[in-house]
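Step one of this worksheet: look at the structure below.
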Amino acid sequence: MPISKKPYAIERILSAATYLTAGGVGFVWLIIAAFLKKHVTPFLMYHILQSIFLSILFFLVSILGELLFVILYRIPFVNAIPYLLAMPVPFLFNLSIVQAFTTLVILYLAITSFMGYYSYIPWVSDIINRNTGR
């Protein structure tokens with residue numbers, strides 16, 4: 001990334017904060033920018049849209065996952081799989097495997113956006129790139 005194209009510090013802070021708040025900060029920033037008729041930079045728009053998209057996707061996957069877990073709990077010998085995925089693991093700070101994975105993804109996105117990079121998650125980032133014209 002050329003030096004002249006580096007995002008400002010406030011953009012990097014906002015992009016990291018929008019991941020840590022599941023898109024909340026970014027959504028509020030879009031509303032403020034609309035009221036003030038300010039232009040949102042492509043870097044910030046990319047991260048705001050990606051965080052909102054990931055939050056909605058996480059919500060939908062968690063609902064479908066919970067439904068799948070309810071079904072799997074009723075099947076003998078297979079009911080151990082949801083239990084193992086949801087069981088707290090002591091060396092992961094008592095997070096389950098799913099929670100640890102989700103936390104690592106959010107931290108990756110927040111840290112890379114704070115560093116001024118366009119974070120990449122397969123399939124999700126491709127959708128955001130197509131819709132932002134990047």
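Going through (1) surrounded by 15 or more Cβ atoms within 10 Å (Cβ to Cβ); (2) in contact (Cβ under 8 Å) with a residue 24 or more places away in the chain; (3) in a helix (DSSP H, G or I) one by one, Asn131 falls short only on (1). Mind checking whether some residue in the range 13-34 is of a type in the set (S, T, N, Q), assigned to a helix (DSSP H, G or I) and either buried (at least 19 other Cβ atoms within 10 Å of the Cβ) or touching a helix residue (DSSP H, G or I) at 6+ places or on another chain (Cβ under 8 Å) (or both)? Yes, some residue in the range 13-34 is of a type in the set (S, T, N, Q), assigned to a helix (DSSP H, G or I) and either buried (at least 19 other Cβ atoms within 10 Å of the Cβ) or touching a helix residue (DSSP H, G or I) at 6+ places or on another chain (Cβ under 8 Å) (or both).
I'd like to check something: does the range 52-67 contain any residue that is in contact with a helix residue (DSSP H, G or I) (Cβ under 8 Å, 6 or more places away or on another chain), closer than 22 Å to Leu107 by Cα, of a type in the set (S, T, N, Q) and modelled with pLDDT of 95 or more? No, the range 52-67 contains no residue that is in contact with a helix residue (DSSP H, G or I) (Cβ under 8 Å, 6 or more places away or on another chain), closer than 22 Å to Leu107 by Cα, of a type in the set (S, T, N, Q) and modelled with pLDDT of 95 or more.
Say we look at the range 3-12 and pick out the residues that are in a helix (DSSP H, G or I) and over 18 Å from Ser51 (Cβ atoms); which of these is modelled with the lowest pLDDT? Looking at the filtered set, the residue picked out is Ile3. The residue that is nearest to Pro42 (Cα to Cα), counting only those in the range 111-126 that are hydrophobic (A, V, I, L, M, F, W, C) and loosely packed, with under 14 Cβ neighbours inside 10 Å, is Met115.
The values are calculated or read from the model by the stated rules, or taken from the named source; none is laboratory data. Bear in mind the structure is a predicted one, so any value in this text is a computation, not a measurement. As a convention, Cβ positions derive from the backbone with ideal geometry for all residues, glycine included, and neighbour counts pool all protein chains shown.
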